[in-house]
Amino acid sequence: MPAPDRFAPCALIPIYNHGSTIARTVQGLRAHGLPVVVVDDGSDAATRSVLDALERDEAGMTLIRLPHNQGKGRALAAGMRAAHAAGYTHALQIDADGQHDTADAPRFVEEARAFPRALVCGCPIYDDSVPRGRLYGRYVTHVCVWLETLSLAIRDSMCGYRLYPLEATCAELDRAAVPARMDFDTEIAVRLFWRGLPVRNLATRVIYPENGLSHFRMLRDNLRISAMHTRLLLGMLPRAPILLWRRLRREPSCAI
C-alpha cells in the first residue's frame, strides 16, 4: 500500500460522563493545533451541557452524539468513520478522563508523519497512582497479544492513547465485527497487525487521577477480554504461516 499523498490528522475523544475533565483535554489538544472530534456516547445531562458549551466556544472541535450509550468501541468506530469522511487521514485517540498527557500529542503526530502507514501505540509510563491489580493484569493481555501476533511488535495493546491511519482502520472496521466496548483497543490493534500495518511504540506518561471515573467493570470486562483472546488466538492459527513469514522477512519497527 503506498503512503498517502497528504497528511491531515485530527484527535478523537470518546466520552461517557467525563464532564469534569473533557474541557482540559480538548483545550490541551487544540493548543497544538489539532482539530478535535468528540464522540458523546450517551452521556448524562451535566456532561452534555459541558459539551454544548465546548462546541459553541472552542473553534476546531466537532461534536458527534450517539443516541444512547453503546460502548467505547462503537463510539471510536463512529468517530473514525466520521473523521475519514471529513477528509482526515489519521486520528489520534485519547481518553477524556485526564489520564493521558496532551503534551505528547505532537510526538504521536510526528511519528505518524514519518511513518504514515503505521499504527502508533502509546506505551504507558505509570506513576504510583496506578492500581496494582490493573497493572499486573495488563501483562496477561500482553502475553496473549504476543501469541496472537507471533510478534513482540505491539508493546501495549490496552493503552487508549494511539494514532491510527484511517483508511486502513476504517477498511478493517467494515470488514470485521470489532468489539463494542473496552476490548476494542486490543482487538483492533491485533487485527491491524494481521492486516500488515507496521507498529510504532511511543513511551508516554499515564496517570490515574484522584477520584477519577472509570468505566472498567472488573467481572464483565474481564469476561469480555477472555472471550476476545480466545477468538483472536483461534484467528491466529490460519494466519500463522504468513505471520511467521513476515517475521522472518524483517523485524517489526519500534520506537520508544
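The values are calculated or read from the model by the stated rules, or taken from the named source; none is laboratory data. These figures come from a predicted structure and were not determined experimentally. Positions of Cβ are backbone-derived with ideal geometry, glycine not excepted, and every protein chain shown enters the neighbour counts. Quick note on the areas: whole protein, heavy atoms, side chains included, nothing else; ligands and nucleic acids left out. Shrake-Rupley method; radii C 1.70, N 1.55, O 1.52, S 1.80 Å.
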### Summary
Per the filter on the stretch 61-105, residues outside any strand (DSSP E or B) and β-branched (Val, Ile, Thr) are Thr89, Ile94, Thr102
### Query
What pairs can you find where one residue is in the stretch 195-211 and open to solvent by 40 Å² or more (accessible area, probe 1.4 Å), the other is of a type in the set (A, V, I, L, M, F, W, C) and modelled with pLDDT under 95, and their Cβ atoms are less than 6 Å apart, with a gap of 6+ or different chains?
Arg205/Ile125; Tyr208/Val130
### Query
Looking at the stretch 33-53, which of its residues are more than 26 Å from His90 (Cα to Cα) and not in a helix (DSSP H, G or I)?
Asp44
### Query
Considering the stretch 182-212 alone, what residues qualify as being in a loop (DSSP other than H, G, I, E, B) and within 26 Å of Ile125 (Cβ to Cβ)?
Met182, Asp183, Leu197, Pro198, Ile207, Tyr208, Pro209, Glu210, Asn211, Gly212
### Task
Test Ala105 against the criterion of being in contact with a helix residue (DSSP H, G or I) (Cβ under 7 Å, 6 or more places away or on another chain) and either open to solvent by less than 20 Å² (accessible area, probe 1.4 Å) or modelled with pLDDT under 95 (or both), and give yes or no.
yes
### Message
The conditions are (1) at pLDDT 95 or above; (2) open to solvent by 70 Å² or more (accessible area, probe 1.4 Å); (3) within 23 Å of Phe108 (Cβ to Cβ); (4) not aromatic (Phe, Trp, Tyr), and Arg65 fails exactly one of them. Which is it?
### Response
(3)
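To keep it simple, each residue is scored yes or no on (1) crowded, with 17+ Cβ neighbours inside 10 Å; (2) under 14 Å from the mean Cα position of the chain (by Cα); (3) not hydroxyl-bearing (Ser, Thr, Tyr).
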| site | (1), (2), (3) |
| --- | --- |
| Gly71 | yes, yes, yes |
| Arg74 | yes, yes, yes |
| Ala77 | yes, yes, yes |
| His90 | yes, yes, yes |
| Asp95 | yes, yes, yes |
| Gln99 | yes, yes, yes |
| Glu110 | no, no, yes |
| Phe115 | yes, no, yes |
#### Entry: Check on Ala153, out of contact with any His (no Cβ under 7 Å at 6 or more places or on another chain), part of a loop (DSSP other than H, G, I, E, B) and open to solvent by less than 10 Å² (accessible area, probe 1.4 Å)
yes
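Here's the yes/no breakdown for (1) open to solvent by 10 Å² or more (accessible area, probe 1.4 Å); (2) touching a Pro at 6+ places or on another chain (Cβ under 8 Å); (3) modelled with pLDDT under 90:
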site	(1), (2), (3)
Arg162	no, no, no
Ala171	yes, no, no
Asp221	no, no, yes
Leu233	yes, no, no
Leu244	yes, no, no
### Query
What's the number of the condition Leu150 fails, among (1) modelled with pLDDT of 95 or more; (2) touching a strand residue (DSSP E or B) at 6+ places or on another chain (Cβ under 9 Å)?
(2)
### Query
For Gly137, which of the numbered conditions (1) closer than 30 Å to Arg6 by Cβ; (2) among the small types (Gly, Ala, Ser); (3) in a helix (DSSP H, G or I); (4) open to solvent by 30 Å² or more (accessible area, probe 1.4 Å) fails to hold?
(1)
### Residue tally, condition without any contact (Cβ under 8 Å) to a residue 12 or more places away in the chain and buried (at least 22 other Cβ atoms within 10 Å of the Cβ), over the stretch 175-193
0
